[in-house]
Amino acid sequence: QAKSLGSNQVCFFDPELQARLIERTQLENDLSLALEKRQLFLVYQRQVDEHGDVVGAEALLRWRHPERGLVSPVEFIPLAEGRELIHEIGLWVIESVCGLLVSWAQQPALTELTLSVNVSPRQFQEPSFVEQVREILARTGAPASQLKLEVTESLFVDDRDDIRRMMEELKSLGVTFSLDDFGTGYSSLSYLKRLPLDQIKVDQSFVRDLLDNSTSSAIVASTIALAQTLELEVIAEGVETEEQRAWLLQHGCLRFQGYLFGAPVPLDDGIPALR
Ligand code: C2E
Ligand code: MG
Ligand code: MG
Ligand code: MG
């Protein structure tokens with residue numbers, strides 16, 4: 001007994017592990033203050049159609065940490081998801097995007113564009129999420145039809161009725177849904193016919209090796225065909241080369257996002273650097 005306790009303690013006081021735990025806790029604490037300290041901001045990456053015309057943009061979160069510099073959302077979103085923080089941050093993102101949409105309402109050329117926001121599965125665990133989105137739309141006056149919520153397959157793993165209901169309520173507000181990172185998560189496709197989706201986003205991992213990996217190209221071709229059958233829009237993310245774009249277009253994908261068309265950029269004054 002004493003012996004195993006002893007070895008546990010050795011493990012607990014592993015200096016490297018302890019250092020990592022401290023660093024993580026520190027980063028979580030910093031993140032909890034990041035909003036009020038105005039360290040979070042959004043960048044926008046354009047989405048184009050088959051002619052190269054901008055049809056919208058995806059909002060992507062950035063954290064400018066005072067000591068660490070830019071921290072990737074890949075690092076800090078999981079930290080936020082581990083705590084209640086994701087709710088506050090997620091609503092701030094939606095509110096910011098709604099503000100931008102309102103400022104666009106004056107410019108006829110922009111009222112056709114949609115802005116996509118990533119929504120973490122954790123945000124759907126907040127029962128008042130729909131009400132909060134409704135409140136933001138009402139208060140800002142943002143046109144809901146220009147707001148697209150990006151969800152991931154992990155949201156559907158448990159096939160929960162309450163999730164479907166929340167999505168339908170959000171749909172009835174006028175917002176649309178995109179299924180992000182398609183093909184990387186849950187393997188059952190049956191949820192596709194039950195959920196009010198509008199768009200499927202081909203994951204960048206398949207786009208990346210589209211031209212040299214026959215499995216990836218088969219997955220992308222099937223995804224495009226599936227989207228067409230289900231009458232969903234399909235967009236490819238992570239498009240970096242003209243060859244990838246040409247292949248995707250040839251297989252019927254008419255929406256693209258990736259460095260080939262532009263990196264994510266800040267849009268400070270609402271004058272879209274996007275167009
Ligand atoms: P995602 O939603 O799949 O976003 C696409 C990621 O691919 C972005 O990374 C984007 O900058 C990057 N990307 C765009 N074009 C290219 C390209 O041509 N090549 C390559 N290699 N990458 C490209 P980012 O901005 O680092 O975001 C990473 C992930 O963090 C996002 O993946 C999303 O899951 C999450 N995320 C970002 N912002 C938010 C947010 O506001 N809320 C939530 N819940 N998650 C967010
Ligand atoms: Mg996304
Ligand atoms: Mg994605
Ligand atoms: Mg991704």
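The values are calculated or read from the model by the stated rules, or taken from the named source; none is laboratory data. As the structure is a prediction and not an experimental result, all values here were calculated from the model. FYI the Cβ positions are ideal-geometry reconstructions off the backbone, even for glycines, and counts take in every protein chain you see. Keep in mind that these areas ignore ligands, DNA and RNA; they rest on the heavy atoms of the full protein, side chains included. Shrake-Rupley method; radii C 1.70, N 1.55, O 1.52, S 1.80 Å.
Restricting the search to the range 153-186, which residues are β-branched (V, I, T) and in contact with a helix residue (DSSP H, G or I) (Cβ under 7 Å, 6 or more places away or on another chain)?
Within the range 153-186, the subset β-branched (V, I, T) is 157, 163, 175-176, 184.
Within the range 153-186, I163, V175, T184 meet the criteria.
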Identify, by number, the condition in (1) part of a loop (DSSP other than H, G, I, E, B); (2) away from ligand 2 (no atom under 16 Å from the Cβ) that R164 doesn't meet.
(1)
Output the qualifying pairs, or none if there are none: Cβ atoms under 6 angstrom, residues six or more apart or on different chains, first residue in the range 162-175 and of a type outside the set (A, V, I, L, M, F, W, C), second residue part of a helix (DSSP H, G or I).
E169/V130; G174/A144; G174/S145
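Considering the range 54-81 alone, what residues qualify as being outside any strand (DSSP E or B), within 14 Å of ligand 1 (Cβ to nearest atom) and open to solvent by 60 Å² or more (accessible area, probe 1.4 Å)?
Correct list: V74, E75, P78.
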Residue count for the range 185-210, restricted to those that are open to solvent by less than 20 Å² (accessible area, probe 1.4 Å), away from ligand 1 (no atom under 12 Å from the Cβ) and in a helix (DSSP H, G or I)
2
Single unsatisfied condition, S216 versus (1) within 16 Å of ligand 3 (Cβ to nearest atom); (2) under 20 Å from S116 (Cα atoms); (3) part of a helix (DSSP H, G or I):
(2)
Could you check, for the range 187-203, whether at least one of its residues is hydroxyl-bearing (S, T, Y), touching a helix residue (DSSP H, G or I) at 6+ places or on another chain (Cβ under 6 Å) and more than 15 Å from ligand 4 (Cβ to nearest atom)?
yes
Going through the range 167-184 one residue at a time, which ones are assigned to a loop (DSSP other than H, G, I, E, B) and within 22 Å of Q125 (Cβ to Cβ)?
V175, T184
Just give me the residues in the range 111-155 being open to solvent by less than 10 Å² (accessible area, probe 1.4 Å), away from ligand 2 (no atom under 13 Å from the Cβ) and assigned to a helix (DSSP H, G or I), in sequence order.
Q123, F124, F129, V130, V133, I136
